[in-house]
Amino acid sequence: MSAESTPIPGGPGGKGRRRKPRGRDRKGLLITAWVAAGIVVVGGTGAGYVYFKLNGNLKSVDIDQVLGSERPAKVDNGSENILVLGSDSRSGSNKELGGGTDDGSARSDTAMIIHVYKGHKKATVVSIPRDTLIDRPECTDTDGKDHDAASDVMFNTAYTTGGAACAVKTVESMTGIRMDHYLEVDFSGFEKLVDELGGVTVTTTRAIKDTDSHLDLKAGTHELTGAQALGLVRTRHGVGDGSDLGRIQLQQAFIKALVKQVKSVGVLTSPKKLYDLADTATKAVTTDSDLGSVNSLVSFASGLKGISPENMTMVTMPVQYDPANPNRVIVQETKAKQIWTALENDRTIPRSATEGNATGQAKGVVTS
């Protein structure tokens, strides 16, 4: 069955409460980064021209230089932690896709920590709700500008304030875990990548209709285009309790569907198709400097390609609604500590850390 939806036009942004959809939301875009590295594997093995073309597409930031030595120690146990963010620029094609004022800024409305276990056969993905109230540490951005610490601010202000370096420092401050790598993906790149893949197949267990994200899906199986996929990962009003937590549940389900789709790329026989995928993927991502070349990204991706959707565990950082403001959430520190300790020691997250937390009531609505 084909998905039924309308294109996602540009539209004016607007401030909204957390339980209400906002036209400028750009949720779930970071999932492109998770599969981009895998796609680079098939496109990064060609002749010199292909290498230099793809290498020139990549953008990188030197997180290590900016943050210096005041970071959690590297854990040498064979695991890796990757912070993946969705960059919501207000310029160029991103503005056309999502609306909002072209003010030169960028936002990170979604963040995930991907923990790859020793042996690189399984992974855990921990979503950090953008509306989580945190204490943001003082930080320096990649231009050398210092930013003061702030208390009781939303998590996504870290990226808005100081870019990638500030976002990484904030996550490391919250978790006590060093981020080995950083990947960022933009809005327009996500749509293009899904289209280059030929769409992504999902099944919805109930109808989802949201005029704000321009999504109209009947219950059933759909092959989503890039625009429709964007509508799905942006929607919050059309399913669940209308919260950001519900949208995270949809995003997590979509990740598995997207990874499954990428797995099929390896059997494609068209060199042009493979190159187009690699070209789109490398244009869509920004990496830390250690991954800032095709060779490095190919090596990194080779270590991820053995992870199947069945071996990916999706959780959300334990939170509860703020009693003083239901449009914000606060960390359940004891349970969150269980998660960070498990990841630091390369262990499975205990069930007790994931039970009894605030949820968005959208689990199971999307399957792959």
Practice task
Give me a count of the residues in segment 326-363 that are farther than 17 Å from T124 by Cβ, out of contact with any strand residue (DSSP E or B) (no Cβ under 8 Å at 6 or more places or on another chain), open to solvent by 40 Å² or more (accessible area, probe 1.4 Å) and not in a helix (DSSP H, G or I).
Solution key: 3
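Here's the yes/no breakdown for (1) within 22 Å of the chain's Cα centre (by Cα); (2) part of a strand (DSSP E or B); (3) touching a residue at least 12 places away in the same chain (Cβ under 8 Å):
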| site | (1), (2), (3) |
| --- | --- |
| I134 | yes, yes, yes |
| T142 | yes, no, yes |
| S151 | no, yes, yes |
| Y159 | yes, no, yes |
| V171 | yes, no, yes |
| M174 | yes, no, yes |
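Using the structure shown, decide if T211 is closer than 23 Å to V366 by Cα, out of contact with any Leu (no Cβ under 9 Å at 6 or more places or on another chain) and modelled with pLDDT of 90 or more.
Working: closer than 23 Å to V366 by Cα: yes; out of contact with any Leu (no Cβ under 9 Å at 6 or more places or on another chain): yes; modelled with pLDDT of 90 or more: no.
Taking the combined requirement at face value, the residue does not satisfy it.
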Practice task
Using the structure shown, decide if V185 is open to solvent by less than 40 Å² (accessible area, probe 1.4 Å), β-branched (V, I, T) and out of contact with any Ser or Thr (no Cβ under 7 Å at 6 or more places or on another chain).
Solution key: no
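Conditions tested, residue by residue: (1) open to solvent by 60 Å² or more (accessible area, probe 1.4 Å); (2) at pLDDT below 85; (3) not in a helix (DSSP H, G or I).
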| residue | (1), (2), (3) |
| --- | --- |
| V50 | no, yes, no |
| N55 | no, no, no |
| D64 | yes, no, no |
| R71 | no, no, yes |
| D76 | yes, no, yes |
Exercise for the section: Of the numbered conditions (1) more than 18 Å from R130 (Cβ to Cβ); (2) open to solvent by 10 Å² or more (accessible area, probe 1.4 Å); (3) not in a loop (DSSP other than H, G, I, E, B), V194 fails exactly one; give the number of that condition. Expected result: (2)
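Which is touching a residue at least 24 places away in the same chain (Cβ under 8 Å), over 23 Å from M314 (Cβ atoms) and surrounded by fewer than 24 Cβ atoms within 10 Å (Cβ to Cβ), of D241, D210, D290? It would help to see each step written out before you state the result.
Details: D241 fails: over 23 Å from M314 (Cβ atoms); D210 fails: over 23 Å from M314 (Cβ atoms).
Sole residue among the options that is touching a residue at least 24 places away in the same chain (Cβ under 8 Å), over 23 Å from M314 (Cβ atoms) and surrounded by fewer than 24 Cβ atoms within 10 Å (Cβ to Cβ): D290.
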Exercise for the section: Give A336, A342 a once-over and let me know the one that is among the hydrophobic types (A, V, I, L, M, F, W, C), in contact with a Pro (Cβ under 6 Å, 6 or more places away or on another chain) and closer than 25 Å to D76 by Cβ. Expected result: A336
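Select, from R206, R107, R130, R178, the only residue that is among the basic types (K, R), modelled with pLDDT of 95 or more and farther than 18 Å from L258 by Cβ.
Working: R206 fails: modelled with pLDDT of 95 or more; R107 fails: modelled with pLDDT of 95 or more; R130 fails: modelled with pLDDT of 95 or more.
After ruling out the rest, the residue left standing is R178.
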Exercise for the section: Using the structure shown, decide if T132 is of a type in the set (V, I, T), open to solvent by less than 20 Å² (accessible area, probe 1.4 Å) and touching a Pro at 6+ places or on another chain (Cβ under 7 Å). Expected result: no
Practice task
Could you tell me whether any residue of segment 309-320 is within 16 Å of K122 (Cα to Cα), open to solvent by 60 Å² or more (accessible area, probe 1.4 Å) and not acidic (D, E)?
Solution key: yes
Practice task
Search segment 339-366 for residues that are touching a residue at least 60 places away in the same chain (Cβ under 8 Å) and pair each with any residue that is among the hydroxyl-bearing types (S, T, Y) and assigned to a helix (DSSP H, G or I) when their beta-carbon atoms are under 9 Å apart and the residues are at least 6 apart or on different chains.
Solution key: I339/T175; W340/T175; L343/T175; E344/T175
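The values are calculated or read from the model by the stated rules, or taken from the named source; none is laboratory data. These figures come from a predicted structure and were not determined experimentally. Positions of Cβ are generated from backbone atoms using ideal geometry, with glycine treated the same way; all protein chains shown enter the neighbour counts. Note: accessible area is taken over every heavy atom of the protein model, side chains too, but ligands, DNA and RNA are not part of it. Shrake-Rupley method; radii C 1.70, N 1.55, O 1.52, S 1.80 Å.
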